[in-house]
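Colleague: What follows is a single structure, and I will ask about it in a moment.
The values are calculated or read from the model by the stated rules, or taken from the named source; none is laboratory data. Just so it is clear, the structure is predicted and the values come from calculations on it, not from any experiment. As a convention, Cβ positions derive from the backbone with ideal geometry for all residues, glycine included, and neighbour counts pool all protein chains shown. All accessible areas refer to the heavy atoms of the entire protein, side chains included, with ligands and DNA or RNA removed. Shrake-Rupley method; radii C 1.70, N 1.55, O 1.52, S 1.80 Å.
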Amino acid sequence: MPTCVVTGGAGFIGSNFVRLALADRPDLRIVTIDLLTYAGNLENLEGVPADRHTFVRADITDPDAMRRAVPDGADALVNFAAETHVDRSILGPLAFVRTNVTGTQVLLDAARERGVGRFLQVSTDEVYGSLAPDEPAFTEASPLRPSSPYAASKAGADLLVLAAHRTWGQDVVITRCSNNYGPYQFPEKLIPLMLSNALEGEPLPVYGDGRQVRDWIFTDDHSRAILAVLAGGRPGAVYNIGARSERFNLDVVRAILAAVGRDESLIRFVTDRPGHDRRYAIDPTRLETELGWQPQTAFEDGLACTIQWYRDHEGWWRRVKDGSYRAFYEAWYGKR
Ligand code: NAD
Ligand code: DAU
């Protein structure tokens, strides 16, 4: 039975990936490794087939723990584990360097020692920095110009992954995806934050003029792209993932308000994020032409499905919003 190690599998994209991969590949076994930080949640993995899934709580920055947790000869390791919220990286960058940079090197070393077949690093379009309105979308040849400590830590990790390929011939691939949305996304990110606040009748904090642009992709389309790159990506190559779905933040917020029947008077324009990237756009031509991947979900359909999921899982997001998240919300938004 092929075995895939998934780090960060109790988070948003990781848990959606675990569910989709196990459903898509009936012969696959997954070992999920996750520290269960504030963003990790075992509820996200409820219902996955227990006979083909094992969960290990461990820190990817701990070399001994990783040597123990990664099974000998596993076919692949997909590294989703990371600190992921740009705003938190502005409040406290060190955790991002530790998990995203050190953690990636620890995993590369463990994967080599354990003879893991392929290492897939889940990176981000944020490593490319910001685009002007008329600039073409990022390709894999775009220079790395990260703006935030989060993006810089992800860029650092990418360079370590490529160095492992060059130095030891390790079989690595990197994916750089645009903004994801979908079920189980932690309500600190734009769509679930605005949606849960709208459902509660709370103000919606829009940074600056709200005219920043993000390129949205439904998380299952990201997962299918990762499966395609795992199966057919060239060793040492980078693949951009995106659905050609650029939207102004303000338009996304308005669509959410309209869908839940709330008035636009809930919108609050607040002080901008420092170093805020104005626009992201991804060119996924390499993935489409080399591996035949295409996104399957139009933004309007994916957003409607996501809104329905949050309506149906109020207990999930209320529990998540109750914990340490309140302290972060106060520290970040309190004075904006
Ligand atoms: P998330 O914050 O929802 O989940 C991160 C997971 O990593 C959590 O389960 C957390 O417990 C775990 N984790 C954190 N530190 C760890 C550690 N030291 N050891 C073990 N586990 C640890 O993140 P997400 O949005 O699902 O993002 C997953 C990956 O995809 C990240 O690498 C991120 O950079 C990348 N990515 C995200 C997006 C997006 O729009 N969310 C887009 C492109 C790429
Ligand atoms: O592009 C991929 C990246 O997308 C991932 O690598 C990151 O892990 C993920 O967090 C995301 O980064 P962004 O900064 O683009 O996502 P976020 O949801 O934080 O913000 C999206 C946009 O919405 C951005 O322009 C900032 C704005 N925003 C966000 C929040 C949380 C607001 O206007 N108000 C808010 O309260």
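Colleague: Report, by residue number, each residue of the stretch 203-222 that is more than 17 Å from Arg244 (Cα to Cα) and open to solvent by less than 30 Å² (accessible area, probe 1.4 Å).
Modeller: Leu204, Pro205, Val206, Tyr207, Gly208, Gly210
Colleague: Exactly one of (1) surrounded by 15 or more Cβ atoms within 10 Å (Cβ to Cβ); (2) over 27 Å from Gly129 (Cα atoms); (3) out of contact with any helix residue (DSSP H, G or I) (no Cβ under 6 Å at 6 or more places or on another chain) is unmet by Trp317. Its number?
Modeller: Evaluating Trp317 over (1) surrounded by 15 or more Cβ atoms within 10 Å (Cβ to Cβ); (2) over 27 Å from Gly129 (Cα atoms); (3) out of contact with any helix residue (DSSP H, G or I) (no Cβ under 6 Å at 6 or more places or on another chain) leaves (3) as the failure.
Colleague: I want to confirm something. Restricting to the stretch 245-259 and keeping residues that are open to solvent by 60 Å² or more (accessible area, probe 1.4 Å) and assigned to a helix (DSSP H, G or I), which single residue is farthest from Arg211 (Cα to Cα)?
Modeller: The qualifying residue farthest from Arg211 (Cα to Cα) is Ala258.
Colleague: Could you grab me the full set of residues in the stretch 194-222 that are in a helix (DSSP H, G or I), away from ligand 1 (no atom under 11 Å from the Cβ) and in contact (Cβ under 8 Å) with a residue 12 or more places away in the chain?
Modeller: Met194, Leu195, Ser196, Asn197, Ala198, Leu199, Asp220, Asp221
Colleague: Need the failing condition index for Pro235 against (1) surrounded by 14 or more Cβ atoms within 10 Å (Cβ to Cβ); (2) within 30 Å of Leu108 (Cβ to Cβ); (3) more than 16 Å from ligand 1 (Cβ to nearest atom), just the number.
Modeller: With (1) surrounded by 14 or more Cβ atoms within 10 Å (Cβ to Cβ); (2) within 30 Å of Leu108 (Cβ to Cβ); (3) more than 16 Å from ligand 1 (Cβ to nearest atom) applied to Pro235, the lone miss is (1).
Colleague: So which residues in the stretch 285-314 are surrounded by 18 or more Cβ atoms within 10 Å (Cβ to Cβ), farther than 25 Å from Gly233 by Cα and not β-branched (Val, Ile, Thr), if there are any at all?
Modeller: If the condition is that a residue be surrounded by 18 or more Cβ atoms within 10 Å (Cβ to Cβ), farther than 25 Å from Gly233 by Cα and not β-branched (Val, Ile, Thr), then Phe299, Gly302, Leu303, Tyr310 are the ones that fit.
Colleague: Still on this structure, please answer the following. Between a residue in the stretch 90-105 that is over 16 Å from Ala58 (Cβ atoms) and any residue that is hydrophobic (A, V, I, L, M, F, W, C) and within 14 Å of ligand 2 (Cβ to nearest atom), which pairs come within a Cβ distance under 7 Å, given they are 6 or more apart or on different chains?
Modeller: Hits for this filter: Leu91/Ala331; Leu91/Trp332; Asn100/Ala82; Asn100/Ala157; Val101/Ala157.
Colleague: Same structure, new question: Which pairs have Cβ atoms under 8 Å, sit 6 or more apart or on different chains, and link a residue in the stretch 304-333 that is of a type in the set (Gly, Ala, Ser) to one that is in a helix (DSSP H, G or I) and at pLDDT 95 or above?
Modeller: That search, which allows pairs on different chains as well, returns Ala304/Ala259; Ala331/Leu91.
Colleague: Sticking with this one: Return yes when Ala225 is aliphatic (A, V, I, L, M), open to solvent by 10 Å² or more (accessible area, probe 1.4 Å) and either in contact with a strand residue (DSSP E or B) (Cβ under 9 Å, 6 or more places away or on another chain) or not in a strand (DSSP E or B) (or both) and no when it is not.
Modeller: no
Colleague: Inspect the stretch 31-43 for any residue being away from ligand 2 (no atom under 16 Å from the Cβ), assigned to a helix (DSSP H, G or I) and more than 22 Å from Ser123 (Cβ to Cβ) and give the result as yes or no.
Modeller: Yes, because at least one residue in the stretch 31-43 is away from ligand 2 (no atom under 16 Å from the Cβ), assigned to a helix (DSSP H, G or I) and more than 22 Å from Ser123 (Cβ to Cβ).
For every residue, the table says whether it meets (1) more than 26 Å from Ala151 (Cα to Cα); (2) within 16 Å of ligand 2 (Cβ to nearest atom); (3) modelled with pLDDT of 95 or more.
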site	(1), (2), (3)
Ser245	no, yes, yes
Arg254	yes, yes, yes
Leu257	yes, yes, yes
Gly261	yes, no, yes
Phe269	no, yes, yes
Asp272	no, yes, yes
Arg286	no, no, yes
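Colleague: With Leu144, Leu159 as the choices, which residue is away from ligand 1 (no atom under 14 Å from the Cβ) and either among the hydroxyl-bearing types (Ser, Thr, Tyr) or more than 17 Å from Ala281 (Cα to Cα) (or both)?
Modeller: Leu159
Colleague: Any residue at all in the stretch 120-131 that is more than 23 Å from Asp283 (Cβ to Cβ) and out of contact with any Phe, Trp or Tyr (no Cβ under 6 Å at 6 or more places or on another chain)?
Modeller: Taking every residue of the stretch 120-131 in turn, none turns out to be more than 23 Å from Asp283 (Cβ to Cβ) and out of contact with any Phe, Trp or Tyr (no Cβ under 6 Å at 6 or more places or on another chain).
Colleague: What tally of residues in the stretch 1-57 results from selecting those that are in contact (Cβ under 8 Å) with a residue 12 or more places away in the chain, surrounded by fewer than 21 Cβ atoms within 10 Å (Cβ to Cβ) and among the acidic types (Asp, Glu)?
Modeller: Looking only at that region, the number is 3.
Colleague: Can you name the condition, by its number, that Phe269 falls short on among (1) in contact with a strand residue (DSSP E or B) (Cβ under 8 Å, 6 or more places away or on another chain); (2) assigned to a loop (DSSP other than H, G, I, E, B)?
Modeller: (2)
Colleague: If a residue has to be under 30 Å from Glu126 (Cβ atoms), of a type outside the set (S, T, N, Q) and part of a loop (DSSP other than H, G, I, E, B) to count, how many in the stretch 47-67 make the cut?
Modeller: Counting residues in the stretch 47-67 that are under 30 Å from Glu126 (Cβ atoms), of a type outside the set (S, T, N, Q) and part of a loop (DSSP other than H, G, I, E, B) gives 5.
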